[in-house]
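Presented below is the structure to which this report refers.
We did not get these values from a lab; they are worked out from the coordinates using the rules stated. Note that the structure is predicted; figures quoted are calculated from it, not measured. A quick note on method: Cβ atoms are made from the backbone with ideal geometry, for glycine too, and the neighbour counts reach across all protein chains shown.
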Amino acid sequence: MRDNIHCELISERNLLIHFGEHISESLLDTIQQAELCAAKVFGHQLKDLIASYTTLLIEFDPLLISPWQAQIKYQKAWDKHCRLLHSQAFKPNKAAREQEMSCIEIPVYYHPSVAWDILPIAKQKGLTWQQIAELHSQRQYRVYAMGFAPGFAFMGQIDPCLEMPRKTSPRTNVPAGSVAISDLQTAIYPNASPGGWHIIGRSPCELFNPDNSPAALLKTADSVRFKSVDKERFIQLGGCLDDLRVFDDE
């Protein structure tokens with residue numbers, strides 16, 4: 001738990017909380033605690049919480065609380081929260097913690113027909129495409145941030161053997177469900193959209209639906225594991241194979 005944070009008032013309705021400069025899983029857990037603290041402190045005064053790699057944006061209603069009051073209120077609450085966590089009297093609820101950290105399993109069809117970049121990556125890395133799939137699916141990931149598009153979750157970190165820079169020329173259209181990697185991150189495109197990440201598979205899961213509650217399947221701090229499935233199972237789960245191809249020439 002990081003006691004020292006930088007609480008910055010960036011507008012009449014927004015606080016930006018800085019937790020450090022280096023991305024880590026422990027920092028992610030701290031930011032998750034900060035979200036819980038903010039929700040408890042502001043209650044109905046809270047409008048939104050947006051967590052990222054090293055920051056938390058708190059949006060409050062300036063008609064219900066003044067900016068300077070919001071800043072002081074949160075700083076005091078966080079200091080108290082940290083003291084509570086550090087006290088010997090505080091004993092976390094193990095069952096609740098295990099429930100929070102339960103892993104979300106996402107099926108993925110790893111095959112060159114839908115994984116447009118898996119063969120070039122395999123060739124560059126001196127591996128088979130099956131080994132690329134195995135390396136990607138053997139790890140458990142955490143969601144570090146949400147963004148780019150509704151339901152788009154930035155997850156990390158992938159095996160360093162798979163590290164690839166973002167494509168120099170983004171594709172104009174990436175199919176929904178495309179599982180991709182960039183640098184040490186991985187993600188799934190919730191809907192068809194432009195994209196510059198390397199596609200290594202496709203998931204039949206619905207990542208975002210505004211009619212659902214919650215609308216997004218994933219949220220910041222979630223734990224995720226990808227499970228390799230064959231073509232038949234992919235189709236059974238609702239996967240789409242209408243745009244099959246091995247290489248992409250864009």
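At a glance:
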item: Length added when fully stretched, A39-L237, from 0.36 nm per residue minus Cα-Cα; result: 67.7 nm
item: Highest-first arrangement of 130-138, 63-71, where packing means the average Cβ count within 10 Å; result: 130-138, 63-71
item: Reported label for calculated volume of the Cα convex hull per residue in Å³ given (i) 128; (ii) 152; (iii) 120; result: (ii)
item: Lys, Arg +1 and Asp, Glu -1 on Cβ, resulting dipole of the chain about Cα centre, debye, nearest 20; result: 600 debye
item: Sequence ranges 104-115, 169-180, 38-49, ranked by mean other-Cβ count within 10 angstrom, highest first; result: 104-115, 169-180, 38-49
item: Listed residues H86, G238, I17: farthest to the positive end of the dipole of the chain (Cβ charges); result: H86
item: Ranked packing of 54-61, 8-15, most packed first, by mean Cβ within 10 Å; result: 54-61, 8-15
item: Dipole-positive endmost among S52, F152, V174 within the chain (Cβ charges, Cα centre); result: S52
item: Given K123/K167; K40/K80; K125/K227, the pairs whose alpha carbons are separated by over 19 Å; result: K125/K227
